1. If you take the residues of the range 1-43 that are in contact with a Leu (Cβ under 9 Å, 6 or more places away or on another chain) and not β-branched (Val, Ile, Thr), which of them is modelled with the lowest pLDDT?
Amino acid sequence: MENIGCKGCTATVRLTQEEMDKIFGETMRVKNVKLVTEDEYNNRLDKCMSCEYLDYGTTCRFCGCIVQIRAKLAGSGCPYPYEPRW
Ligand code: SF4
C-alpha cells in the first residue's frame, strides 16, 4: 500500500538521509542513551520496513517517531497496539 502523504503537511514530513543522519547524531550525543546491538537494530528496522503503518519509509503512524532513530534506542519499543512487533 503506497501512502501518498499527509493531507495536512505533505512534503515537510519527508526526511532525506542527510536529515536523518543529523537527527541521529544529535540523539546519540545525549548522555546515558543506551543503544541496541546492530543485529537487534536491523531486526527492528526490518519489521518496520514491512509494516503497513510506516509512512514515507521513516515515520511510524502510531507514535510519529522516526523509526531509524526509535529502533536504535534500547529503552524504546514498537507502539503497535496490544501486539508490539519488536
Ligand atoms: S514501530 Fe511498530 S507500528 Fe511503528 S512502523 Fe515500526 S513496526 Fe510498525
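1. ASN3
To keep it simple, each residue is scored yes or no on (1) exposed (fewer than 12 other Cβ atoms within 10 Å of the Cβ); (2) more than 16 Å from the ligand (Cβ to nearest atom); (3) at negative phi; (4) assigned to a helix (DSSP H, G or I).
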| residue | (1), (2), (3), (4) |
| --- | --- |
| LEU15 | no, no, yes, no |
| GLU26 | yes, yes, yes, yes |
| TYR41 | no, no, yes, yes |
| ASP46 | no, no, yes, yes |
| GLY64 | yes, no, no, no |
| CYS78 | no, no, yes, no |
| PRO84 | yes, no, yes, no |
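The values are calculated or read from the model by the stated rules, or taken from the named source; none is laboratory data. Model, not experiment: these values are computed from the prediction. Backbone-built Cβ (ideal geometry, glycine too); neighbour counts: all protein chains shown.
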